1. Does Asp86 fit the bill of being surrounded by fewer than 19 Cβ atoms within 10 Å (Cβ to Cβ) and without any contact (Cβ under 8 Å) to a residue 60 or more places away in the chain?
2. Considering only region 381-403, state which residues are of a type outside the set (Asp, Glu) and either assigned by TED's automatic domain parsing to the domain that holds Thr672 or surrounded by fewer than 20 Cβ atoms within 10 Å (Cβ to Cβ) (or both).
3. Give region 28-49 a look and list any residue that's more than 10 Å from Leu7 (Cα to Cα), part of a strand (DSSP E or B) and of a type outside the set (Asp, Glu), or say none.
4. Could you tell me which of the residues Lys666, Lys678 is buried (at least 18 other Cβ atoms within 10 Å of the Cβ), within 30 Å of His548 (Cβ to Cβ), basic (Lys, Arg) and in contact (Cβ under 8 Å) with a residue 12 or more places away in the chain?
5. Of the numbered conditions (1) crowded, with 16+ Cβ neighbours inside 10 Å; (2) more than 16 Å from the ligand (Cβ to nearest atom), Val564 satisfies every one except a single condition; which is it?
6. Report, by residue number, each residue of region 1-44 that is modelled with pLDDT under 90, within 14 Å of the ligand (Cβ to nearest atom) and of a type in the set (D, E, K, R).
7. Only one of these is away from the ligand (no atom under 16 Å from the Cβ), in the same structural domain as Phe428 (by TED's automatic domain parsing), within 30 Å of Arg383 (Cα to Cα) and among the charged types (D, E, K, R): Lys116, Lys87, Lys102. Name it.
8. Would you confirm, using the coordinates I've provided, whether Ala98 is outside any loop (DSSP other than H, G, I, E, B), crowded, with 19+ Cβ neighbours inside 10 Å and among the hydrophobic types (A, V, I, L, M, F, W, C)?
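The values are calculated or read from the model by the stated rules, or taken from the named source; none is laboratory data. This structure is a prediction, so every number in the text was calculated from the model and none was measured. For neighbour counting, all protein chains shown are included, and Cβ atoms are generated from backbone atoms with ideal geometry for every residue, glycine included.
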Amino acid sequence: MKIAGTLKRKETDDVETSTCYMCSANCEIHVHSRVAEGTNKKIVTEVALPDCTRGSAMIEHRESDVRLLNPEIRDSNGNWQAASWDKTIREIATRLNAVKDKYGPQSVAFMVGYTKEPRPYLQRLAYLFGSPHYITESSCCFGATRVASAITFGDDYGYFYQKSRMFQPETKCRMIWSNDTENSLLPLKKHFFFKETDVPMIVVDPRLTSLAQKADIHLRLRPGTDGALAHGLAHVILKEGLEDRDFLDKWCHGIKEYEDYVSEFSPERTAEITGIEKDLIIKAARLYAGMRPAQISFSPQATVHHSNACQNHRAVILLAALTGNIDIKGGNRKPNGVQEKDITLHDELLPKLSDPMGKERFPIFIDKYHEGQSMILSDWIERGKIKAIFSIGANIMMYPDYGRLRKQMEKLEFFSVCDFYDTPTREFADVSLPAATHLERESLIIGGDKVRYRPNVIEPRGNARADADIMFDLADALGLKDDFWGGDIKASFDERLELSGYKLADLPEKGKYASYDLGPDQERKYENGGFQTASGKVEFKSNLLEEHGYDGLPVYKEPYWSPVSTPDIAADYPFILTSGGRSKNYQHSQGRKLQMLRAIEPYPVMQINPIDAKKIGVKNDDWLRVSSPVGEMEIRALVSDIVLPGVVHAPHGWEESPVNMLIPDKALCDITGFPGFKSSLCQVEKLDSNN
Ligand code: SF4
């Protein structure tokens with residue numbers, strides 16, 4: 001698709017290849033621009049990009065009237081005052097150093113959300129400053145999926161999920177586990193949401209998504225019962241002899257104990273727990289295990305947004321091992337990609353610092369994911385352990401019990417934000433920095449078999465500045481310039497490229513990919529040295545988990561709040577709340593300031609089944625009051641059978657209806673610290689104001 005800029009495109013315009021970062025897919029784009037007459041400023045005249053609503057708003061994103069364009073410091077009356085970059089950076093350095101002198105460097109946290117591009121630099125800055133608390137939105141996004149895979153298959157399988165979403169012509173059956181692919185991160189052809197491939201498709205999802213409507217079998221489970229369903233499928237596979245016994249005998253650890261455990265999950269019992277008919281469970285198990293190679297596709301976080309996050313995810317991915325679908329073409333593959341040199345100084349500096357946030361409670365997560373677990377941020381501020389935060393692209397709306405965190409944020413002695421727009425997070429800030437958009441900032445992108453340098457095709461508007469440049473300036477103000485490549489960002493790119501064999505200067509024409517030869521696509525790479533676990537095998541029963549006092553087997557536990565685990569709470573909060581289903585118009589809380597996107601999806605809605613809507617007298621667009629034991633919000637209704645009776649779904653990231661007000665921050669997975677965004681309880685009432 002093509003989108004028009006503020007001036008009409010001319011044949012003589014410059015055309016540059018770049019990448020979009022309206023979400024983190026980094027799709028290739030072609031940007032036409034020229035210097036506007038009578039000025040020395042370049043203006044974008046047209047962008048060619050993939051067919052994508054989020055991406056189509058990128059010019060509005062750059063030109064928006066409500067965009068932040070100046071650094072600002074809050075005055076003693078609480079009002080924002082524009083300031084120069086020099087003054088603002090000095091203010092941040094002075095305030096961070098003051099907190100460091102008073103309480104120690106470990107009382108400062110360095111936090112990053114989107115974009116993800118500045119992450120390695122912020123992590124390095126945190127450690128050089130002396131703080132172990134580098135924290136990101138991965139504390140409730142991809143972290144648990146990666147850690148669960150690493151526990152089960154070894155560290156080199158940490159990115160297992162990514163390859164699970166790639167189309168493979170050899171696949172004979174696809175099982176798509178809680179991934180609303182058509183509305184998710186990458187609406188690209190390489191992802192296989194096409195029923196046209198004519199390969200049988202099983203979709204596991206509590207909601208009747210558009211993908212589920214195309215499925216041969218839709219396993220519509222009660223939210224949070226993924227682990228039980230996986231065990232029920234395993235039970236049938238083992239009972240009917242559909243497992244890959246050779247692979248299990250040779251390459252799996254703890255299979256006998258696992259077999260004993262899943263023998264408890266008969267189709268009848270699994271049906272009772274999950275709400276899925278037993279015959280459908282049997283049919284799905286036979287289809288998945290009987291059509292090899294088969295591929296399970298999942299999302300970075302849907303299976304781990306439950307209070308039993310890690311074991312739920314392990315239960316699901318172990319089905320691939322049970323059927324021998326590991327690292328074979330058409331099955332679930334070990335990822336393979338060009339290596340990026342780690343510039344974070346994690347291994348060099350972190351051992352000399354105090355423990356990162358969450359180490360005591362979630363030691364495996366911290367060790368495997370190399371950052372703090374920030375879902376306990378409210379606790380840490382409340383206990384006086386964090387006094388200041390320097391943040392880039394962070395939005396505290398992502399936290400469970402968001403209402404509690406809002407109260408804690410007021411206790412910080414210093415808080416600095418960097419964003420494109422005003423956000424609920426900025427309300428608590430002392431300093432605000434304006435971020436440059438992807439059209440205005442250079443970046444190095446390393447992933448898969450490609451490396452790419454993205455140029456800034458135009459200069460930042462106003463006084464906006466690229467995140468990485470801000471960190472280089474702050475490092476300088478903190479006396480750390482020598483550790484930040486003497487202030488030369490391109491030198492940092494060269495260091496990050498070291499393992500790829502490229503130098504920045506070797507990369508092809510600006511913005512184009514340089515392909516990297518990864519060698520032959522070898523199957524069963526584990527045969528060469530085994531799996532990187534304690535046993536060298538796939539760990540159905542994890543040695544690492546047992547060493548830390550957890551269940552070694554992927555034991556199923558009910559959600560923290562559910563009609564089964566907490567019937568007393570369910571009596572007052574009878575609806576099962578699932579949240580965070582994706583929208584192709586927005587990524588998380590981003591994009592809500594863009595009129596183009598608001599015109600397509602103007603406000604959030606809570607999906608409620610027609611039977612429930614009738615019971616409480618609600619019709620489409622009526623306002624609802626939704627409450628849980630920790631908070632409440634108001635939201636409009638969408639009456640739809642996309643959800644089952646007794647289940648409601650609300651999207652995340654909406655400032656006007658922040659669903660995370662309802663999610664308890666005590667319901668964290670004991671291994672990964674992940675919250676139960678997708679399986680909780682609430683009450684839903686029609687608001688009087690509708691009348
Ligand atoms: S998927 Fe859309 S928003 Fe995301 S990078 Fe690609 S074009 Fe941009």
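1. yes
2. Passing the criteria: Arg383, Gly384, Lys385, Gly403.
3. Scanning region 28-49 gives Ile29, His30, Val31, His32, Val35, Lys42, Val47, Ala48.
4. After applying the criteria, what remains is Lys678.
5. It is condition (1) that Val564 fails.
6. Result: Glu28, single match.
7. It is Lys102.
8. Answer is no for this residue.
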